[in-house]
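Below is one structure, written out as structure tokens, with a few remarks after it.
Each reported figure results from applying straightforward, stated rules to the coordinates on display, with no laboratory input. None of the values given here were measured: they were computed from a predicted structure. Here the Cβ positions follow ideal geometry from the backbone for every residue, glycine too, while neighbour counts run over all protein chains shown.
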Amino acid sequence: MAAKLQKVFTDPLSENNPITIQILGICSSLAVTTQLKTALVMAASLTIVTAGSNVVISLLRNTIPAKIRMIVEMVVVSVLVILADQFLRAYMFDVSRQLSVFVGLIITNCIVMGRLEAYALQNPPLPSLIDGLANGLGYSAVLVIVAVVRELLGSGKLLGYAVLPASYPANGLMLLAPGAFIVLGLLIWAQRSVTKHFETA
């Protein structure tokens, strides 16, 4: 049992990462990574929603009629996303404004719905919680890496603090969409090279 739970936790962090292997959640990983601060908040929000919704759906899995399971899943995810959004508006308003609609769009994130359908509906609450946390952390790891590279190369700063010398010529490309695609593409290539995960024709 322990070995199974360990695999559930470690797979999304490396061999089955939701972004670099499954290619899910790409939109938000490109849009919110110009600054490390916004990436961290987005990562925490998605991790909490994924873990929480997994647990709730797992607890309800034997009582949800098959015909309306998607509606129930959407309701559960929507409630958690609204709570996360309201928390950010109350306590981190500036970050909430920077994230714009992307916290709300967690409702439609394929990672969240995918874990509910593929895992939480078939498994007990504890493994479902671990699966949700692991997939959220796998998503978070990619977001943080991309954000660190983009903010550091784009402005010479991290979390608003100067890291590179004042003479560093900021690379504005890193703060634009093409910069995000370049960094994420290189990360996907590196991850797949390490895990030997290649698409077959």
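Brief remarks follow.
- Inter-part distance where region 151-178 and region 53-82 are each reduced to a Cα centre, Å: 42 Å
- Cross-link partners for Lys7 among the aspartates and glutamates, with Cα-Cα distance under 12 Å and sequence neighbours closer than 8 places in the same chain left out: Glu15, Asp131.
- Cβ-derived FRET efficiency at R0 41 Å, Phe93 paired with Thr195, nearest 0.05: 0.55
- Relative frequency of Cα-Cα separations exceeding 21 Å in region 22-195, percent: 51 percent
- Along each principal axis, Cα extent of region 1-102, largest first, Å: 41, 31, 23
- Amide H contacts of Leu158 (H built 1.01 Å from N, under 5 Å, at least 5 apart or other chain): Val163
- Between 0 and 90°, nearest 10: helix 36-60 axis offset from the chain longest Cα axis: 0 degrees
- The chain: angle of helix 177-195 to the longest principal axis, Cα-based, in degrees nearest 10: 60 degrees
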